């Protein structure tokens with residue numbers, strides 16, 4: 001049985017990469033197919049530590065570095081799967097881990113849950129580091145649309161595509177009422193400007209001016225927009241009777257919001273957006289999705305079939321597509337069901353595990 005060392009992001013904190021990492025660690029299929037060892041790469045072990053410097057995090061990273069060296073010497077893995085960060089301080093930390101892997105000539109498999117290489121390689125030091133890190137490595141991408149970000153450093157022959165998958169949620173069967181009023185639009189993400197918060201609020205103004213019957217619920221933690229700033233925007237736009245901020249929701253409470261919603265809106269232009277798991281959750285819940293041409297989203301949402309895609313920051317286009325769905329119950333039903341069928345065919349956790357296992361087996365021959 002081939003030995004693989006998995007260096008993963010594991011929760012907490014909870015984000016796309018850590019959710020995938022936990023799924024891999026818990027996968028019976030992966031663990032029975034390979035002789036697996038695991039290291040938690042994250043040095044932020046609590047949600048409130050994310051993005052903040054501390055000496056404790058430095059100590060934790062030294063521990064990761066030491067644990068990697070110990071694992072290499074004692075278990076002698078034939079390959080290492082690394083959830084590589086490609087930008088920021090995390091990239092430099094990961095590059096130090098790659099040093100050990102290259103020194104001991106261990107086959108490297110990078111699973112990228114972020115992007116930004118094509119922008120950061122303008123710095124000469126970064127360019128040298130990218131060449132060092134990606135040399136002779138295999139790379140797993142979430143979508144073929146993300147390849148252009150790394151094509152300068154990685155030949156296409158070393159690239160594999162493995163879309164994320166999630167476990168089935170427990171959501172009540174959707175009931176489509178012909179004259180349901182108001183129609184509920186759901187936004188679920190942290191209140192981050194580049195996730196499209198202001199874009200959606202501006203679209204709500206347009207929808208209100210057209211006297212459409214709708215409500216828009218925002219679910220998520222505060223980000224670079226706090227609750228005071230959010231409330232001020234709502235008050236300024238005079239849409240307080242249409243828009244509600246519900247805070248963070250987890251588990252059954254989050255599932256209840258998906259069950260209550262009629263449309264999922266996610267007008268992101270976040271520069272690091274790759275393959276948002278929240279869209280997969282919305283599709284499983286049977287919701288038509290209105291999102292943007294960002295990252296791998298066009299591989300998730302089939303424009304005009306499972307929802308609509310609009311250009312980033314285009315308030316008018318977003319409002320227009322939301323209006324179409326608000327006015328047409330049957331279209332919401334058709335797109336929601338098409339999205340659920342696509343989820344069940346392509347984005348289940350079982351499908352993800354099988355794809356990943358096949359990729360790993362093809363690399364480790």
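Just so it is clear, none of the values below were taken in a lab; they were calculated from the coordinates. Nothing here was measured: the structure is a model prediction, and the numbers come from that model.
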In whole percent, what relative contact order does the range 183-346 give with Cα contacts below 8 Å and a gap of six or more residues?
25 percent
Once normalised by the length of the range 76-130, the mean sequence separation of its alpha carbon contacts under 8 Å that are 6 or more apart gives a contact order in percent of 44 percent
Rounded to the nearest 10 degrees, the helix 197-209 long axis (Cα) sits at an angle to the longest Cα principal axis of the chain of 20 degrees
Would you please classify the overall shape of the range 108-237 from the alpha carbon gyration tensor, given that a ≥ b ≥ c denote the square roots of the eigenvalues, rounded means a/c under 1.5, and beyond that prolate means a/b larger than b/c while oblate covers the rest?
prolate
What is the range 1-150 by shape, rounded, prolate or oblate, if you read a ≥ b ≥ c off the alpha carbon gyration tensor as root eigenvalues and call it rounded for a/c under 1.5, prolate for a/b larger than b/c, and oblate otherwise?
rounded
Please identify, among 112, 101, 89, the residue showing maximal mean-square fluctuation in a Gaussian network model of the chain using a 10 angstrom Cα cutoff.
89
Bins of 5 Å, starting at 0 and running to the largest distance - Cα pair percent for the range 110-150:
5, 22, 31, 27, 12, 2
Determine the distance separating the Cα centre of the range 193-211 from the Cα centre of the range 248-263; give it in Å without decimals.
21 Å
Projected onto their principal axes, the Cα atoms of the range 80-162 stretch, largest extent first, over whole-Å spans of 31, 27, 19
Convex hull over the Cα atoms of the range 238-330, averaged projected area in nm²?
6.7 nm²
Helix 315-327: inclination vs the chain longest Cα principal axis, degrees, rounded to 10, gives 60 degrees
Give the angle, between 0 and 90 degrees and rounded to the nearest 10, that separates the Cα long axis of helix 16-26 from the longest principal axis of the Cα atoms of the chain.
60 degrees
Tell me the volume per residue, in Å³, of the convex hull enclosing the alpha carbons of the chain.
134 Å³
Along its three principal axes, how long is the range 183-346 when you only count alpha carbons? Whole Å, largest extent first please.
42, 32, 31
Only Cα pairs under 8 Å and at least 6 apart count here; give the relative contact order of the chain as a rounded whole percent.
16 percent
